[in-house]
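First the structure, in the form of structure tokens, and then the observations on it.
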Amino acid sequence: MEKIRRYEDLDVYRMAYQAALDMHRLTLKFPSVEQFELARQIRKSSKSICANLAEGFGKQSQSKPEFKRFLSMAIGSADETKVWLDFAKDLGYLTKENHERFKETYTIIAKMLSGLHRNWG
């Protein structure tokens with residue numbers, strides 16, 4: 001097993017980063033009225049998973065509990081993203097297929113984050 005030296009080495013970071021990029025691109029197609037509301041919320045919550053992983057990892061050398069706190073925030077952001085995805089589907093901005101695909105992705109990310117939280121340090 002390879003040693004994790006930086007947050008980019010975490011599988012969950014790489015998955016969350018790619019998902020946030022995909023979400024960003026997809027939400028750019030939302031109606032203009034939603035660009036400062038729903039689309040912005042989805043982009044913000046999906047990107048905050050990555051940001052919390054990076055910030056928490058940077059602080060973990062001083063405090064393992066601090067990293068776990070940031071992992072908890074990342075889990076919350078993954079769940080928040082799923083709520084915004086539900087709104088986007090129900091408002092007709094996401095196809096059923098895209099909704100299911102992204103919900104599954106963020107469910108997996110949340111499970112990976114929970115495992116990391118449980119097993120870290």
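What follows draws every value from the coordinates through simple rules; no lab data is involved. Computed from a predicted structure; not experimentally measured.
Hey, which of these cross-link pairs are over 18 Å Cα-Cα: LYS44/LYS68; LYS47/LYS82; LYS68/LYS111? Walk me through the intermediate numbers first.
Working: LYS44/LYS68 21 Å; LYS47/LYS82 13 Å; LYS68/LYS111 14 Å.
Correct reply: LYS44/LYS68.
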> Angle between the Cα long axis of helix 11-27 and the longest principal axis of the chain, 0 to 90 degrees, nearest 10?
Replying inline: 20 degrees
>> Could you give me D for the range 53-121, from Stokes-Einstein at 25 °C and 0.890 mPa s, where the hydrodynamic radius is the Kirkwood radius over C-alpha pairs? Units µm² s⁻¹, please.
In response: 190 µm²/s
> Expressed in nm², what is the orientationally averaged projection area of the convex hull enclosing the Cα positions of the range 25-93?
Replying inline: 4.6 nm²
> Given the convex hull of the Cα atoms of the chain, what is a quarter of its surface area in nm²?
Replying inline: 7.3 nm²
